[in-house]
Amino acid sequence: MEPRDLSSHTVYQAGRGIEEVARELGLNPDDLVKLASNENPFGPSPAAVEAIEDAAGSANSYPKASHADLTEKLADEWGVESAQVWLGNGGDGVLDYLARATLEPGDTVLVPEPGFAYYGMSARFHHGEVEQYRVSKMEDFALTAETVLDDYDGERIVYLTSPHNPTGKRFDLDAIKEIADETGDHTLVVVDEAYGEFADAPSAVELLEDRDDIAVLRTFSKVYGLAGVRLGYGIVPEEWADAYARVNTPFAASEIACRAGLSALDDDDHAEKTVETAEWAREYMYEHLDAPTWESHGNFVLAEVGDAETVADELQRRGVIVRDCSSFGLPECVRITCGTKDETRRAVSELNEVLSP
Ligand SMILES: *Cc1c(COP(=O)(O)O)cnc(C)c1O
């Protein structure tokens, strides 16, 4: 007995964890700074922590009321119907629901290269095939309608990441609209706004008002600091609403996740502090890093450092973990998450020392 042929399936490469690196290098975890996974440097909102503690006692029941409450709250915030909000086990879980709701075996999807690995993985899990559009470094990773449409060939799903991981670039709403207009009626445009809160730009959710071919992805993992509880959601066209009940894993968003999400949404101070610090950190990195960077709309900055693997290893020995972008197909770049001010200053100063001849 063997699993099915998984040879075309890739393994998700996560940023390295503090404990893992500390153990390997014999360092004290408290001396390490992890700026490799675009996590929130301030931790979760204190209100969410309290909600998680309070929810511990109701962990015996399935999350029915909390799921309904969170869906309704999000629907209110976005001005959509509750049925248009699809909660999932992280944004990644929602990507699975969208693939499950659309793909027939052999259907093809179009993903950015470089880009977020899970789009292709999720499509393959659902027996889809994967084609790529090129986000070109020669063009400073510009994200325009042509970037996508030049490589579009009737795919069933087109994934747009805005802001884009790992470059930090974003699509204008006009470009997203043009892509949705120019692609076929059978093509769903998924706009992944995992970093949407960090961009000073409107969400693509407003485009759903008069379209049935765009879905938007959001997550609690980044600005809300809840990556560890696994909570994300999609906002889908009204026409798609009833598909959720047919494709979702029952209770994939846990009681603890839903309660945490409800509280996090009320903590504007935590979200504002997070966004303001990320804006500060981006500027600080552009200005003080002795390496070329690209303007970013996310909570991270891409920097060109030469041999990224060597630089990331050396930086790690100095206690700063960043993301070597070799697995994104950018072996000369590292991606540095915006930390607290102290963490960001330390990362920049250590990186500059590593880079100095
Ligand atoms: C982090 C991230 C997500 C979602 O992550 P989850 O933790 O599963 O919510 C989705 N897309 C991109 C581009 C990301 O960087």
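Taken together, the values in this text are just the output of simple stated rules run on the coordinates, not laboratory data. Everything numeric here is computed off the predicted structure, so don't read it as measured data. Reconstructed Cβ throughout: ideal geometry from the backbone, glycine too, with neighbour counts over all protein chains shown.
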**Item:** Qualifying helices (runs of 4 or more DSSP H) (wholly inside the range 1-110; at least 3 residues being in contact with a strand residue (DSSP E or B) (Cβ under 7 Å, 6 or more places away or on another chain) and within 16 Å of the ligand (Cβ to nearest atom))
**Value:** 90-102
**Prompt:** Taking the range 221-234 on its own, how many of its residues are near the ligand (Cβ under 9 Å from one of its atoms) and aliphatic (A, V, I, L, M)?
**Reply:** 3
**Request:** Go through the range 210-262 and count every residue that is within 23 Å of Ser45 (Cα to Cα), aromatic (Phe, Trp, Tyr) and not in a loop (DSSP other than H, G, I, E, B).
**Result:** 1
**Request:** Would you be able to tell me the number of residues in the range 158-187 that are within 16 Å of the ligand (Cβ to nearest atom), touching a strand residue (DSSP E or B) at 6+ places or on another chain (Cβ under 8 Å) and not hydroxyl-bearing (Ser, Thr, Tyr)?
**Result:** 8
**Complete:** Residues of the range 111-157 being part of a loop (DSSP other than H, G, I, E, B), touching a Lys or Arg at 6+ places or on another chain (Cβ under 8 Å) and among the β-branched types (Val, Ile, Thr), in sequence order, are Val135
**Complete:** Within the range 115-174, residues being of a type in the set (Asp, Glu), over 21 Å from the mean Cα position of the chain (by Cα) and surrounded by fewer than 22 Cβ atoms within 10 Å (Cβ to Cβ) number 7
**Request:** Identify all residues within the range 144-203 that are among the aromatic types (Phe, Trp, Tyr) and in contact with a His (Cβ under 9 Å, 6 or more places away or on another chain); write none if there are none.
**Result:** Phe171, Tyr195, Phe198
**Complete:** Filter the range 188-220 for residues that are of a type in the set (D, E, K, R) and within 16 Å of the ligand (Cβ to nearest atom); the one that is surrounded by the fewest Cβ atoms within 10 Å (Cβ to Cβ) is Glu197
